[in-house]
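Scroll down for the structure; my scribbles are underneath it.
The values are calculated or read from the model by the stated rules, or taken from the named source; none is laboratory data. This is a predicted model, so every value here is computed, not measured. Reconstructed Cβ throughout: ideal geometry from the backbone, glycine too, with neighbour counts over all protein chains shown. All accessible areas refer to the heavy atoms of the entire protein, side chains included, with ligands and DNA or RNA removed. Shrake-Rupley method; radii C 1.70, N 1.55, O 1.52, S 1.80 Å.
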Amino acid sequence: MTSSPPSGSAARELLLAAAAAPARARGRSLQAALREAVRSGRLAPDTRLPSSRDLAADLGVSRGLVTETYEQLTAEGYLRSGRGAGTWVSGAVRAARPRARDLAPRAQGVRVGFVPGTPDLSLFPRAAWAAAQRGVLTELPHEDLGYPDPRGLPRLRTALAGLLTRRRGVVADPELLVIVSGVTQATTLLGHVLHARGVTAVGVEDPGSPHLDSLYPTTGVRVVPLPMDDEGLALGPLRSSSDVRALLTTPSHQFPTGIAYSARRRAELLDWARSVDGLILEDDYDGDFRYDRAPVGALQGLDPERVAYAGSVSKSLAPGLRLGWLLVPQALAKDVVERKRTMDLGHPTLDQAMFARFLERGDYDRQLRRCRQAYQERRDALVTALAEHFPGTRVTGISAGLHVIATLPEGYGPEERFVARVGAAGVAVRPVSAYRHGDATAPEGDPTVRLVLGYAHLPPSRIREGVRLMAEAAGSHAVA
Ligand SMILES: Cc1ncc(COP(=O)(O)O)c(C=O)c1O
């Protein structure tokens with residue numbers, strides 16, 4: 001047995017405050033303090049504690065109280081009694097881990113970040129949300145606080161079906177809607193269901209969303225990257241991938257290239273799905289934001305039996321709400337709902353009820369109008385700033401969403417060097433190549449710089465500053 005001297009003064013110091021607790025709470029207080037001292041490692045394993053008599057005298061408490069504390073913690077396994085006399089810190093206790101760390105991605109040392117994906121979180125309608133929360137807490141029947149229908153509250157599914165029919169042209173039967181925690185969960189749910197039905201491979205857009213694509217392998221389904229052409233996902237490579245029976249697509253605003261699938265390609269993909277008895281997952285992540293015309297309706301509206309439709313509030317309200325929806329073909333509904341049930345027994349009721357109220361009262365439409373106006377202004381500011389500081393830049397993709405694709409004029413490449421240079425000046429940008437499968441860099445020797453620039457989270461003044469900083473950092477590099 002390890003032998004170390006009694007650590008009388010350490011124990012005394014660690015327990016002194018607890019010993020000063022009111023008499024009624026003193027015993028519990030001493031136990032908690034000693035437990036914490038052992039857990040945190042401040043009293044190391046195999047440290048010998050002072051005798052109960054000495055510690056009681058040091059702390060000015062009764063010996064019985066110290067004996068009781070030692071006995072309790074010995075019973076719990078924090079302390080052990082030596083073979084002869086003496087009490088020791090047990091070697092079995094592992095020091096508690098430090099406080100929870102924040103694992104959310106946060107940019108370090110970034111002055112202006114153009115990395116796409118986030119809406120303007122300061123536009124979150126706090127007052128209307130607070131009112132919805134108060135209203136729901138007042139009116140929600142007690143029974144609604146039980147385990148929810150795994151599909152979601154009927155009230156929310158009805159309101160949401162109305163919204164999606166009206167705004168996105170989907171065929172929305174509330175019975176086929178499942179409230180989920182976002183497109184992420186919708187993708188995972190479908191992956192599991194497809195896997196259970198023998199689907200081994202899902203085709204994904206290349207370039208596409210590395211985050212969503214990475215989810216399928218966790219469900220046992222392989223991902224097959226398929227290239228894009230000017231009209232959408234290219235048909236030739238899809239047709240020659242014989243094991244692909246499902247597709248993940250963003251037809252209203254392809255992520256990241258920003259194109260809208262042509263009507264012809266939409267029809268061709270549906271024909272493909274029918275011919276292989278397949279399924280298309282439509283990720284309508286930012287379909288509400290179109291600035292030059294009314295948004296093109298969702299693909300799902302053309303064939304609800306071949307398309308599962310997913311969306312969320314991550315771009316319209318805040319990704320932190322973790323709230324979204326999945327509209328499934330009748331043939332998959334039972335399996336998807338059962339998966340959702342076994343995954344988490346349904347989405348949190350209060351959040352659902354708040355969102356339902358928010359929709360019913362027109363607050364969501366108001367929020368979309370507000371964001372649309374702000375984002376259009378920001379997009380215009382970005383396009384103008386690019387024209388000023390990088391004349392000759394080509395901005396491609398439809399006037400929609402939260403990001404643009406900017407192809408800089410010749411002379412700024414290679415891409416990697418450009419990104420590193422402006423990054424060193426505090427401007428975070430991502431090239432399109434970062435969203436490609438396989439080798440995520442531009443082909444060697446390619447002088448073109450193609451950037452995916454997110455603008456929605458930045459006020460126009462920051463956008464202008466960011467583009468100016470970017471031009472300053474890259475300026476000496478560009479060939480005139
Ligand atoms: C293409 C695409 N779809 C969907 C999402 C949103 O996922 P979720 O609804 O899980 O927040 C993102 C997030 O950035 C995205 O880039």
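Observations
- Boolean, Glu415 is at pLDDT below 95, touching a strand residue (DSSP E or B) at 6+ places or on another chain (Cβ under 8 Å) and more than 21 Å from Phe124 (Cβ to Cβ): yes
- Residues being over 18 Å from Leu164 (Cα atoms) and charged (D, E, K, R) - total across region 332-371: 9
- Among the residues of region 152-189, those identified as open to solvent by less than 10 Å² (accessible area, probe 1.4 Å), within 16 Å of the ligand (Cβ to nearest atom), aliphatic (A, V, I, L, M) and closer than 18 Å to Pro251 by Cα are Leu164, Ala186.
- Residue in region 258-270 that is in contact (Cβ under 8 Å) with a residue 24 or more places away in the chain, within 20 Å of His437 (Cβ to Cβ) and either open to solvent by 30 Å² or more (accessible area, probe 1.4 Å) or out of contact with any helix residue (DSSP H, G or I) (no Cβ under 9 Å at 6 or more places or on another chain) (or both) present: yes
- Number of positions in region 125-146 that are under 19 Å from Tyr364 (Cβ atoms) and free of Cβ contacts under 8 Å to residues at least 12 places away in the same chain: 6
- Checklist (1) of a type in the set (A, V, I, L, M, F, W, C); (2) part of a strand (DSSP E or B); (3) open to solvent by 10 Å² or more (accessible area, probe 1.4 Å) applied to Leu226, failing item: (3)
- Applying the criterion of being more than 18 Å from Leu279 (Cβ to Cβ) and charged (D, E, K, R) to the residues of region 322-348, the residue that is nearest to the ligand (Cβ to nearest atom) is Arg322.
- The lone exception for Ser242 - which of (1) part of a helix (DSSP H, G or I); (2) open to solvent by 50 Å² or more (accessible area, probe 1.4 Å); (3) among the hydroxyl-bearing types (Ser, Thr, Tyr) it fails: (1)
- Flag for Thr249 being within 16 Å of the ligand (Cβ to nearest atom), open to solvent by less than 10 Å² (accessible area, probe 1.4 Å) and in contact with a Gly (Cβ under 8 Å, 6 or more places away or on another chain): yes
- Some residue of region 438-459 being outside any loop (DSSP other than H, G, I, E, B), farther than 18 Å from Gly208 by Cβ and open to solvent by 70 Å² or more (accessible area, probe 1.4 Å): no
- Test: residue in region 111-125 that is over 30 Å from Gly208 (Cβ atoms) and under 42 Å from the mean Cα position of the chain (by Cα): yes
- Filtered by the rule that a residue be within 16 Å of the ligand (Cβ to nearest atom), part of a loop (DSSP other than H, G, I, E, B) and either of a type in the set (Gly, Ala, Ser) or open to solvent by less than 30 Å² (accessible area, probe 1.4 Å) (or both), region 84-118 gives Ala104, Ala107, Phe114, Pro116, Gly117.
- Residue check, Ala420 out of contact with any strand residue (DSSP E or B) (no Cβ under 9 Å at 6 or more places or on another chain), open to solvent by 30 Å² or more (accessible area, probe 1.4 Å) and of a type in the set (A, V, I, L, M): yes
- Number of the exception - Gly392 against (1) surrounded by 15 or more Cβ atoms within 10 Å (Cβ to Cβ); (2) modelled with pLDDT of 95 or more: (1)
- Each residue in region 142-162 was checked for being among the small types (Gly, Ala, Ser), within 19 Å of Pro329 (Cβ to Cβ) and in a loop (DSSP other than H, G, I, E, B), and 1 of them qualify.
- Pairs, first open to solvent by less than 70 Å² (accessible area, probe 1.4 Å) in region 320-341, second of a type in the set (S, T, N, Q) and within 16 Å of the ligand (Cβ to nearest atom), C-beta under 6 Å, six or more apart: Gly324/Ser312
- Of all residues in region 388-415, those that are of a type in the set (Lys, Arg) have Cβ atoms under 7 Å from Cβ atoms of residues that are open to solvent by 10 Å² or more (accessible area, probe 1.4 Å), 6 or more apart or on another chain, in Arg394/Thr407.
- Candidates are the residues of region 201-223 that are touching a strand residue (DSSP E or B) at 6+ places or on another chain (Cβ under 6 Å) and open to solvent by 20 Å² or more (accessible area, probe 1.4 Å); the one that is farthest from the ligand (Cβ to nearest atom) is Arg222.
- Only one entry in Ser62, Ser81, Ser122 is exposed (fewer than 12 other Cβ atoms within 10 Å of the Cβ) and either of a type in the set (Phe, Trp, Tyr) or free of Cβ contacts under 8 Å to residues at least 12 places away in the same chain (or both), namely Ser122.
- Whenever a residue of region 299-317 is near the ligand (Cβ under 10 Å from one of its atoms), its partners that are of a type in the set (Ser, Thr, Tyr) and in a helix (DSSP H, G or I), lying with C-beta atoms within less than 8 angstrom and at least six residues away or across chains, give the pairs Ala310/Thr187.
- If you go through region 190-200 and pick out every residue that is open to solvent by less than 40 Å² (accessible area, probe 1.4 Å) and either under 18 Å from the mean Cα position of the chain (by Cα) or hydroxyl-bearing (Ser, Thr, Tyr) (or both), you end up with 2.
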